[in-house]
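Below: one structure, written as structure tokens.
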Amino acid sequence: MREFWIIFKQAFITKTKTKSFIITTVIMVAAIFLLANAQKIIDGVQQASSGSEEPVIKVMDESGHLVDRLKGQLDDSDFGMRIEASDETEEALSKQLSKEEIDSFMTLSIDENNIIHANYVTMSLVDFSLPTRLQDALQTIQTEMKAEELSLTGSEVQTLFAPIQFEQKNVSPSAKSEDELMQARILVYVLMFVIYFAVIIYSSMIAMEVATEKSSRVMEILISSVSPVKHMFAKVLGIGTLGIVQIIVYGIAGWIAFQTSKSDATEGIQSFFNFSDLNKVTLVYAVIFFLLGYFLYATLAALLGSLVSRTEDVQQMIMPMSLLIIAAFIIAATGLGNPELGYLKFTSYIPFFAPLVMFLRVGMLDLPVWEPLLSIGIMLLTIFVLGWFGARVYKGGVLMYGPSRSLKDIKKAIQLGKE
């Protein structure tokens, strides 16, 4: 075991000290803090560019009474804008707008059917929030005017627009509550991205590490003193531990960022990601399927990495593995809306799809215990077989030099390992 831990520490510490790992980690942590404080930054930029004053909208009211009601609506709703009545013509206001003396203006009128007509004019290409707020306020005024025309009281108007009472009940014994289902869907969605990127990044890192050692001829010395099985799994565990540490760092940074940044946006995100209603067993399955998924693909990546002699060939060799995880991601994503689809049940027992698809089902459905356990057992057996077979390929593959043509080199690697 001494040789195993030496290679393990070498793989972990060497990668930890690389500039790419440090820079990537720092950039991601900085991005998390920027995301948590994005609303504050946007508000600060807007205040710096437009000043601390509220936007002023000049209104030319041909009816003579709409502008006062509009002011009342906006004051009651605290929309953050100021309305000013204007006696100037539309042409005069247009000239002021072209000279950037005003930001925007609006004309109001009422036709013979007592319908409000509003024309909002601005020079901004991205001015969407203000006109939407104005439209909502004017729609409320229109409703009030029609209610007065029909002699309806306020309570009668509320009754007229009252929504129906619609309740949905699911009597299936495997049904979950709406809150549990939403939280499970969020967790599954997050885990899908974590597994996807972890497999793509860290498995490629393992294959690249093996190819680098082969290209420097260090591999011949290592294999002569350490068994291929120890060397392969020490690499897998070393870089896997590195990945877990990096993900934990991101998680801690995210928790600190959203706890220290108090705004409407972050409070909304925290309430959205509140897992208090989620079954704790689902979290346990999340960890299990994440670890099994990583070790399954990492073992396969080490096997494929041993077949190439140049780092330039690594991406081409691991392309089939990348396609597998992409297919698993797509299949699981299609089941987020309906996890009871037939093909999801079938693919949840295929080991290369199980980390995402079975977790999707176990997270969103109340499955019998034997189903996830069977999937876990199949994955463990696959990892064991892949490790045994991979060690045989690895033993000969690390001694193969020259251009790697295809996966047909696996047979040649096994024969070389027997010699």
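The values are calculated or read from the model by the stated rules, or taken from the named source; none is laboratory data. Note that the structure is a prediction, hence the values are computed from the model and not measured. No Cβ is skipped: glycine too gets one built from the backbone with ideal geometry, and neighbour counts run over all protein chains shown. Surface areas here come from the heavy atoms of the whole protein model, side chains and all, with no ligands, DNA or RNA. Shrake-Rupley method; radii C 1.70, N 1.55, O 1.52, S 1.80 Å.
List of remarks:
- Among the residues making up segment 331-349, a single one is aromatic (Phe, Trp, Tyr) and in contact with a Leu (Cβ under 8 Å, 6 or more places away or on another chain): Tyr349.
- Members of segment 208-246 found to be aliphatic (A, V, I, L, M) and modelled with pLDDT of 75 or more, listed by number: Met208, Ala234, Val236, Leu237, Ile239, Leu242, Ile244, Val245
- Residue within segment 299-309 that is at pLDDT 80 or above and not small (Gly, Ala, Ser) present: yes
- Scanning segment 1-28 for residues that are farther than 23 Å from Ala257 by Cα, among the hydrophobic types (A, V, I, L, M, F, W, C) and open to solvent by 70 Å² or more (accessible area, probe 1.4 Å) returns Met1, Trp5, Ile6, Ile13.
- Hits in segment 344-376 - residues which are open to solvent by less than 10 Å² (accessible area, probe 1.4 Å) and of a type outside the set (S, T, N, Q): Leu344, Ala354, Pro355, Leu356, Val357, Met358, Phe359, Leu360, Gly363, Met364, Pro372
- Residues within segment 142-179 that are open to solvent by less than 60 Å² (accessible area, probe 1.4 Å) and at pLDDT 80 or above, tallied: 4
- Considering only residues in segment 316-339 that are under 23 Å from Phe233 (Cβ atoms) and open to solvent by 50 Å² or more (accessible area, probe 1.4 Å), the one that is modelled with the lowest pLDDT turns out to be Pro320.
- Filter result (surrounded by 11 or more Cβ atoms within 10 Å (Cβ to Cβ) and either out of contact with any Pro (no Cβ under 9 Å at 6 or more places or on another chain) or in a helix (DSSP H, G or I) (or both)) within segment 102-115: Ile102, Phe105, Thr107, Leu108, Ser109, Ile110, Asn114, Ile115
- In segment 116-134, the residues that are open to solvent by 60 Å² or more (accessible area, probe 1.4 Å) and assigned to a loop (DSSP other than H, G, I, E, B): Met123, Leu125, Val126, Phe128
- Yes/no for Ile383 being touching a Leu at 6+ places or on another chain (Cβ under 8 Å), over 30 Å from Met182 (Cα atoms), crowded, with 17+ Cβ neighbours inside 10 Å and at pLDDT below 85: no
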